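Structure record follows, encoded as structure tokens.
The values are calculated or read from the model by the stated rules, or taken from the named source; none is laboratory data. A quick note: this is a predicted structure, and the numbers were derived from the prediction, not measured. Counting neighbours? That spans all protein chains shown, and the Cβs are built from the backbone with ideal geometry, glycine included. For accessibility, only protein heavy atoms count, side chains too; no ligands or nucleic acids. Shrake-Rupley method; radii C 1.70, N 1.55, O 1.52, S 1.80 Å.
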Amino acid sequence: MIRSKERDAVLQSLRAGVVPRVGQHLIQVGRVREIEAMLKDIERVADGGTMFRLVIGEYGSGKTFFLNLIRAVSLEKKLVTVHADLNPDRRLHSTGGQARSLFAELMKNLSTRTKPDGGALAGIIERFISNARMEATTKGISPEQVIHEKLAHLSEMVNGYDFATVIAAYWKGFESGQEQLKVDAIRWLRGEFTTKTDARKSLGVRTIIDDASVYDQLKLLSKFVRLAGYAGVVVCLDEMVNLYKLANTQARNANYEQILRILNDSLQGNSDGLGFIFGGTPEFLMDVRRGLYSYTALQSRLTENAFAKNGFMDYNHPVLRLSSLSQEEFLVLLGKLRNVFAFGDSSKYLMPDEGLIAFMNHCNKRIGDCYFRTPRTTTTAFINLLSVLEQNADADWRNLLGDLDVEKDMGFQNEVFTDTPSLTDPIVHKSTGVDADEFASFKL
């Protein structure tokens, strides 16, 4: 039997066109090789290694679902996860607070296996303190001495001294019952201090987490969670296409430079127990004018394996392309959705197997093979159909199918570019795709 909480979470999310936070295992189909490749990466991070993956797929192909599934697996491997969606106010690099805003969102969503919905930062610090107390009891020394010895390893890293000072301040507040000191320490670690003056007054540190220090703070976090007894940190960033949509060339390249820095550190093993997974569209990767391929250093590192063609795949490459669902896998997905709708009871199925096939044929006539390659809109339509059948006992699925309208998921084509255009950026007409800087004709 499927619990009502999981069933409702899955159906309500899919009906709205978003990924469910729980119950992904109930509807997972296909992509076995991709999941196996990611499991190897997760195990490498858990062993103290690094990971860099670009998960590339069309709009509606299941990127976000895949990222959430990998995040859930990471939690089961005793890893800490942080995740966020990029948007115009959240970027990897900025000078106007957008990078710090991204860091604050990541910290808000910091999760562990016992607290998978975020807000786990205080719990990690207190686990670090608890482990230090146990070690102090074993060695016959004071807990404060053990804590300072452990934090000394962080002081060697960029911004590590102030990070260690803030953790020590939390310990002081924990021991003396000063709740405000603990609150201030958490605020600093989440990047919520906006001025150095306030941070110095509250915690005695001379720096704050700003736009320039986001990546360094993530490296410090990965080091700290390992000291607290966790295996490492996995960072999941979705909607990377928002960087592609930046019209300002300088801002876009600065973000790509940050991605290059992360990629180089990951490939060279310059960080311990830290993995990055980015979700984006093919345009974000391959567009030579705006995408990652427009940045020469990234293009040389991310160019696909020349031998991975004619049906062959390289799942160890930094770029992991999500394979499209086959018609057979989509049929299995519909069967799983029908099962979730019936609480796992086959006697309560609202449609027979022939109804699933008829639904697929109907979608194929309306939008072609997009119905199973990018299945977001078609799964939403199927759930809407089941909902009507559930609430209207006299409804016949055969009659309803004729009235069912399924639209193609246009995704990126419906969105507009953000930010202020740069004077050096070419203007492209959306209707024609022609560069406005190039004259199609000229007449006096």
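Numbers below:
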item	result
Region 80-103, subset surrounded by fewer than 18 Cβ atoms within 10 Å (Cβ to Cβ) and either under 22 Å from Gln24 (Cα atoms) or among the small types (Gly, Ala, Ser) (or both), residue farthest from the chain's Cα centre (by Cα)	Gly96
Within region 247-292, tally of residues that are farther than 22 Å from Lys219 by Cβ, of a type in the set (S, T, N, Q) and open to solvent by less than 20 Å² (accessible area, probe 1.4 Å)	1
Among (1) within 16 Å of Ser74 (Cα to Cα); (2) open to solvent by less than 60 Å² (accessible area, probe 1.4 Å), the one test that Lys40 misses	(2)
Near pairs, Cβ below 6 angstrom, 6+ apart or cross-chain, from region 45-71 (part of a loop (DSSP other than H, G, I, E, B)) to any residue that is among the aliphatic types (A, V, I, L, M)	Gly57/Leu322; Ser61/Leu322
Pair list, Cβ under 6 Å, 6 or more apart: region 107-122 residue open to solvent by less than 40 Å² (accessible area, probe 1.4 Å), other residue among the polar types (S, T, N, Q)	Ser111/Thr81; Gly118/Asn109; Gly118/Ser111; Ala120/Ser111; Ala120/Thr112
Residues (open to solvent by 20 Å² or more (accessible area, probe 1.4 Å) and in a loop (DSSP other than H, G, I, E, B)) located in region 197-215	Gly204, Arg206, Thr207, Ile208, Asp210
Residues (more than 10 Å from the chain's Cα centre (by Cα) and at pLDDT 90 or above) located in region 56-68	Ile56
Qualifying residues in region 123-156 (those that are charged (D, E, K, R) and in a helix (DSSP H, G or I)) - the one least open to solvent (accessible area, probe 1.4 Å)	Lys150
In region 1-36, residue nearest to Tyr59 (Cα to Cα) [restricted to those that are assigned to a loop (DSSP other than H, G, I, E, B) and in contact with a Gly (Cβ under 6 Å, 6 or more places away or on another chain)]	Ile2
Residue in region 389-409 that is over 15 Å from Glu328 (Cα atoms), modelled with pLDDT of 85 or more, open to solvent by less than 30 Å² (accessible area, probe 1.4 Å) and not aromatic (Phe, Trp, Tyr) present	yes
